[in-house]
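Participant: One structure follows; several queries about it will come next.
The values are calculated or read from the model by the stated rules, or taken from the named source; none is laboratory data. These figures come from a predicted structure and were not determined experimentally. So basically every Cβ, Gly included, is an ideal-geometry build from the backbone, and we count neighbours across all protein chains shown. Surface accessibility is based on the protein's heavy atoms, side chains included, excluding ligands, DNA and RNA. Shrake-Rupley method; radii C 1.70, N 1.55, O 1.52, S 1.80 Å.
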Amino acid sequence: EWMIADAAKAHGFSYVILKATQGATIEDPTWAHRCIEARRAGLLVGGYHFLTTTTTVESQAYRCLARVSPFAPELGVFVDFEYPPPNEWAAHGVTGEQLVARALEMCKRLEDGGVRRITVYTYPWFAKALPYGEALLELCSYGLWIASYKNEKREPTADDAPDVPAPWSSWRFWQWSG
């Protein structure tokens, strides 16, 4: 039995973001159960998709929409955009421009599929390696969930605010602990 939702609510949390899909073939088998349990505990739900380079964006968007749409996550869908790391782009046969184009296509396909709140998840080091251009500027029109671990030993303070990688100007969510 998944009891994390009850504990999260008891500790003052108001939402959870749960993995739903990865690539075109992987679905988290606990997604549905965790959504139900989170809502039972009074938590808002968001779902995330881990974007990969091994299958088409179209097939990934289809899989993600099929998985999350029946649950209409209140926080929307998060596109996990962190792979492959910049030092492995060439080995994976991709460029930064291609990765940005894939992430933007994913966001647009989710939007076309009825998702009204889309957020991009990434790390400062990954975002800073992306090539600046029109596609990146357009990708920045979607909210940012930044994973920035400045001090994992304690709850963050205002002084610990994450670095927001340009051209994003603000963040919607901040993951301060891994």
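Participant: Tell me the relative contact order for the chain as a rounded percent, counting alpha carbon contacts under 8 Å between residues six or more apart.
Facilitator: It comes to 17 percent, rounded to a whole number.
Participant: Using the Cα atoms as the points, what is the convex hull volume per residue of the range 10-93 in Å³? Could you put the intermediate results ahead of the total?
Facilitator: Numbers: hull volume 8.3 nm³, N = 84.
So the per-residue Cα hull volume is 99 Å³.
Participant: Further question on the same structure: Give me the distance between the Cα centres of the range 81-134 and the range 1-54, rounded to whole Å.
Facilitator: 22
Participant: Kindly point out which whole DSSP H helices in the chain project their C-alpha atoms 20 angstrom or further along the helix axis while averaging a Kyte-Doolittle hydropathy of -1.0 or above.
Facilitator: 96-112
Participant: Measuring with a 1.4 Å probe in the full set of protein chains, what accessible area per residue, in whole Å², belongs to the chain?
Facilitator: 51
Participant: I would also like to ask the following. Under 5 Å between amide hydrogens, which residues at least 5 positions from Gly76 or on another chain qualify, with H placed 1.01 Å from N in the peptide plane?
Facilitator: Amide H neighbours of Gly76, under 5 Å, 5+ apart: Gly47.
Participant: A follow-up question, please. Give me the one-decimal Kirkwood hydrodynamic radius in Å for the range 73-178, with the sum taken over alpha-carbon pairs.
Facilitator: Across the range 73-178, the inverse of the average 1/r is 14.5 Å.
Participant: Which residues in the range 45-69 place their backbone N less than 19 Å from a point set 7 Å from the Cα of Thr25 along the Cα-to-Cβ direction?
Facilitator: Backbone N within reach: 49-67.
Participant: Report the local net charge at Gly23: Lys and Arg +1, Asp and Glu -1, summed over other residues whose C-beta lies under 13 Å from its C-beta.
Facilitator: Numbers: positive: Lys19, Arg63, Arg67, Arg102; negative: Glu27, Asp28, Glu58, Asp80.
Net of charged neighbours comes to 0.
Participant: Could you work out how much longer the chain between Asp112 and Glu74 gets when fully extended? Use 0.36 nm per residue separation minus the Cα distance between them, nm to one decimal.
Facilitator: Result for the pair: 12.0 nm of gain on full extension.
Participant: If you don't mind, another one. Work from the charge dipole of the chain (Cβ charges, +1 for Lys and Arg, -1 for Asp and Glu, about the Cα centre) and give the residue of Ile146, Phe13, Tyr123 farthest towards its positive end.
Facilitator: Phe13
Participant: Mind checking which of Gln98, Gln22, Gln60 has the largest fluctuation in a GNM of the chain, springs on alpha carbons under 10 Å?
Facilitator: In this elastic network of the chain, the residue with the biggest mean-square fluctuation among Gln98, Gln22, Gln60 is Gln98.
Participant: Please report the net charge: other residues with Cβ closer than 15 Å to the Cβ of Gly46, K and R +1, D and E -1.
Facilitator: With Lys, Arg at +1 and Asp, Glu at -1, the net is +3.
Participant: Another question, if that's okay. What label, among (1) 67, 16, 14; (2) 26, 21, 14; (3) 72, 17, 12, belongs to semi-axes √(5λ) of the Cα gyration tensor in Å computed from the structure on display?
Facilitator: Comparing each candidate, only (2) matches the computed number.
Participant: While we're here: Cα-based Rg (one decimal) and Dmax (whole number) for the range 96-146, in Å?
Facilitator: In Å, with Rg to one decimal and Dmax whole: 10.6, 31.
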